[in-house]
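Okay, structure first, notes after.
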Amino acid sequence: MSHYDALETRDPAERERDLLARLPKQVAFARDKTHYYATTLKGVDASAVTTRAALAKLPVSRKSDLNALQRERPPFGGLNATPASGVARIFMSPGPIYDPEGRRPDFWRSARTLFAAGFRPGDVVLNCFSYHLTPAGSMFETGLHHLGCAVIPGGVGQTEMQARAIADLKPAGYVGTPSFLKIILEKCDELGVDSGSIRHALVSGEAFLPAVREFMGGRAIDCYQAYGTADLGLIAYETAAREGLVVSEDILVEIVRPGTGDPVAPGEVGEVVVTTFNEDYPLVRFATGDLSATLAGASPCGRTNMRIKGWLGRADQTTKVKGLFVHPHQVAEVLRRHDLARARLVVENEAGEDRMTLRVEGASEDTARALESTMREVMKMRGVVDRVAPGSLPNDGKVIEDLRKYS
């Protein structure tokens, strides 16, 4: 069997219908069962949220706001429907940000991702994601257990013990960061122990650099990437097609213009926003702060869900100009007032003075003059407008580009 289940290969229109049919109930659940969404979704007619366009009108909740929200209403900022006493585990990510793990099997949806990477029931797997406070270790262990694998809870560090475990227990697979797998394999070489049992790996948590990928290929290890967050679980994963990452089933993914909740055109780089159908932590339009873009068509591997290019950087491009913060949402507001779609605010320093230039696609001369007035109103400082040809701005998701040199 090459696919985890029939959901992965169903007609895309059928999947979309199924997700959108479930959406009103989930929006109502989040509004009615959580303190946070009771406020942000107050007055929303959940029964009318039956299309992506309707979903796009709902407010975005941001990962970058969680730290402040959780300080105001511990431990989860009021985004949880299940109280802390009812979850299985509570994790602590840098910030600190607290993340709940519910009690249902495969809570983080990682089993599907692991299957795509070649893991099968009966495999012994070395799990070298951290088990200490952060959720990655449990995120993949629970998926491996759901898949029917045995887990060696390696965690991070202690490379000699990890090498000995590989030699003695002969795991078929590895999950963890790619750099740590390379370190362990090199330690096996140094100690003269056999690491040849490892034939497949699922890596995440950092960039999978070409040199490390080549190293794994040289040792005949079939290595795949996964993308997820501590709040949402697994979002997308690499398959044997090696063409982008396939979005996981049971979530709704949007790509929006950074600083806004406005969906971008297909293929345009924007921020990854996810709506889950999780009843413990029912995140609606949760902005990850990560940039990506959609890929056209279905994967050659036969999976038919949306594909994204993977992690393309961070969406939060807030910068300080002349002592004041300038945010992507302010750039979006300037454009909204003039019904324009694409622009980039470039910040430079000339002769010791900060300078802002708004490069805008498709604006007339009259609109350019009006934009300068709107910039002063919205950003509380002066800037100039540079009209550029439609399609000339790079497709990299940048709304603010800081070109100042600091050394």
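The values are calculated or read from the model by the stated rules, or taken from the named source; none is laboratory data. Source: prediction; values computed, not measured. Positions of Cβ are backbone-derived with ideal geometry, glycine not excepted, and every protein chain shown enters the neighbour counts.
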Are there strands (runs of 3 or more DSSP E) fully within region 323-407 with at least 3 residues that are within 30 Å of the chain's Cα centre (by Cα) and not hydroxyl-bearing (S, T, Y)? List them.
324-326, 343-350, 353-361, 400-402
Going through region 269-281 in order, the residues found to be of a type in the set (A, V, I, L, M, F, W, C), outside any strand (DSSP E or B) and out of contact with any helix residue (DSSP H, G or I) (no Cβ under 9 Å at 6 or more places or on another chain) are V269
Is it the case that some residue within region 144-165 is crowded, with 21+ Cβ neighbours inside 10 Å and touching a residue at least 40 places away in the same chain (Cβ under 8 Å)?
no
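Here's the yes/no breakdown for (1) in contact with an Asp or Glu (Cβ under 6 Å, 6 or more places away or on another chain); (2) in contact (Cβ under 8 Å) with a residue 60 or more places away in the chain:
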| position | (1), (2) |
| --- | --- |
| T134 | no, yes |
| F140 | no, yes |
| D194 | no, no |
| A201 | no, yes |
| R219 | no, no |
| A230 | yes, yes |
What pairs come up if the first residue lies in region 244-264 and is more than 26 Å from R10 (Cβ to Cβ), the second is modelled with pLDDT of 95 or more and basic (K, R), and their beta carbons are under 7 Å apart, counting only those six or more places apart or on different chains?
G261/R285
Sort through P300, P266 and tell me the only one that's surrounded by fewer than 22 Cβ atoms within 10 Å (Cβ to Cβ), assigned to a loop (DSSP other than H, G, I, E, B) and within 20 Å of the chain's Cα centre (by Cα).
P266
On the given criteria, is V212 surrounded by fewer than 22 Cβ atoms within 10 Å (Cβ to Cβ) and either out of contact with any helix residue (DSSP H, G or I) (no Cβ under 6 Å at 6 or more places or on another chain) or outside any helix (DSSP H, G or I) (or both)?
no
